[in-house]
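Peer 1: Here's a structure for you.
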Amino acid sequence: MVCLGNICRSPLAQGLLASKLPKDKFSVDSAGTGPWHVGRQPDERSIAIALKNGLDISYQKGRQFSAKDFDNFDYIYVMDNINYDDVMFLAQTEEHKKKVHMILNVLFPDENVDVPDPYFGLQNGFDMVYEMLDEACTIIADKLVQKHV
C-alpha cells in the first residue's frame, strides 16, 4: 500500500487489508513515496478512525518506498495517480510494472480514480477514505484468498 507520506491512506489500507487476510499466508505493508514521515506513527486521525472501526494501526511506522519493494511484494497498490507515476518511475522491468495497481480500480475498473488525501481536508475526510479503502480491501482480500489459498 503506497501513498505520499505513509501516514494517512496507506497505513489505513495496510491495516484494513491485513485484517481481512489470513496472517499466516500473507504479509501486508505500506510505504510513502516521500521521506517526510519515515519512522513516525500514522497521523492521529488515521489511528482514530481505525480504532473507531476496530483496527489498531498505531504500531505502524512510516517508511519510504524503494525499488527493493518490487522484489519483496507481489502486489503494489497505490492511492493516487501521482504515487502511481512515482512508483512506476522506480520500476526496472515489465514484471515490476505489472505489480503496480491503482487501488480504486477494483471498484472503478480502469478509471484510475484517486483516493483523496485527507491530510489537509475536513475531519470527515478520514471517514470517507476509510470507507473507500474498506470496500476496496474487501475485494482485494477476496481475490487474493481465492488465488493463493
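The values are calculated or read from the model by the stated rules, or taken from the named source; none is laboratory data. All figures in this text were calculated on a predicted structure; none of them were measured in a lab. Because the Cβ atoms are built from the backbone with ideal geometry, glycine has one as well, and the counts that use them run over all protein chains shown. Accessible surface areas use protein heavy atoms only, side chains included; no ligands, DNA or RNA. Shrake-Rupley method; radii C 1.70, N 1.55, O 1.52, S 1.80 Å.
Peer 1: Taking the range 54-65 on its own, how many of its residues are free of Cβ contacts under 8 Å to residues at least 60 places away in the same chain and open to solvent by less than 40 Å² (accessible area, probe 1.4 Å)?
Peer 2: Going residue by residue through the range 54-65, those that are free of Cβ contacts under 8 Å to residues at least 60 places away in the same chain are 54-64.
So of that shortlist, the ones also open to solvent by less than 40 Å² (accessible area, probe 1.4 Å) come out as 55, 57-58, 60, 62.
Number of matching residues: 5.
Peer 1: Out of Ile82, Ile49, which single residue is surrounded by fewer than 16 Cβ atoms within 10 Å (Cβ to Cβ) and among the β-branched types (Val, Ile, Thr)?
Peer 2: None of the others qualify; the one that does is Ile82.
Peer 1: Out of Tyr77, Tyr84, which single residue is in contact with a helix residue (DSSP H, G or I) (Cβ under 7 Å, 6 or more places away or on another chain) and within 19 Å of Leu107 (Cα to Cα)?
Peer 2: Result: Tyr77 is the single residue among Tyr77, Tyr84 that is in contact with a helix residue (DSSP H, G or I) (Cβ under 7 Å, 6 or more places away or on another chain) and within 19 Å of Leu107 (Cα to Cα).
Peer 1: If you don't mind, there's one more thing I want to ask. Would you call Val2 open to solvent by 50 Å² or more (accessible area, probe 1.4 Å) and β-branched (Val, Ile, Thr)? Spell out how you get there, then give the answer.
Peer 2: Details: open to solvent by 50 Å² or more (accessible area, probe 1.4 Å): no; β-branched (Val, Ile, Thr): yes.
Spelling it out, it is not the case that Val2 is open to solvent by 50 Å² or more (accessible area, probe 1.4 Å) and β-branched (Val, Ile, Thr).
Peer 1: Here is a further query. Is there any pair with a first residue in the range 117-133 that is under 12 Å from Lys52 (Cβ atoms) and a second that is among the polar types (S, T, N, Q) and open to solvent by 10 Å² or more (accessible area, probe 1.4 Å) whose Cβ atoms are under 7 Å apart and which are 6 or more apart or on different chains, and what are they?
Peer 2: Qualifying pairs under 7 Å: Tyr130/Asn53.
Peer 1: Is there a residue in the range 5-14 that is β-branched (Val, Ile, Thr) and either surrounded by 24 or more Cβ atoms within 10 Å (Cβ to Cβ) or in a helix (DSSP H, G or I) (or both)?
Peer 2: Initially, the range 5-14 is screened for residues β-branched (Val, Ile, Thr), giving 7.
If we keep only those that are either surrounded by 24 or more Cβ atoms within 10 Å (Cβ to Cβ) or in a helix (DSSP H, G or I) (or both) as well, we get 7.
Within the range 5-14 (the criterion being β-branched (Val, Ile, Thr) and either surrounded by 24 or more Cβ atoms within 10 Å (Cβ to Cβ) or in a helix (DSSP H, G or I) (or both)), the answer is yes, since at least one residue qualifies.
Peer 1: For Gln60, state whether it is assigned to a loop (DSSP other than H, G, I, E, B), among the polar types (S, T, N, Q) and over 25 Å from Leu107 (Cβ atoms).
Peer 2: Here the answer is no, as Gln60 does not meet what is asked.
Peer 1: Taking the range 85-117 as the search range and keeping residues that are β-branched (Val, Ile, Thr) and open to solvent by 40 Å² or more (accessible area, probe 1.4 Å), which one is nearest to Glu135 (Cα to Cα)?
Peer 2: Val113
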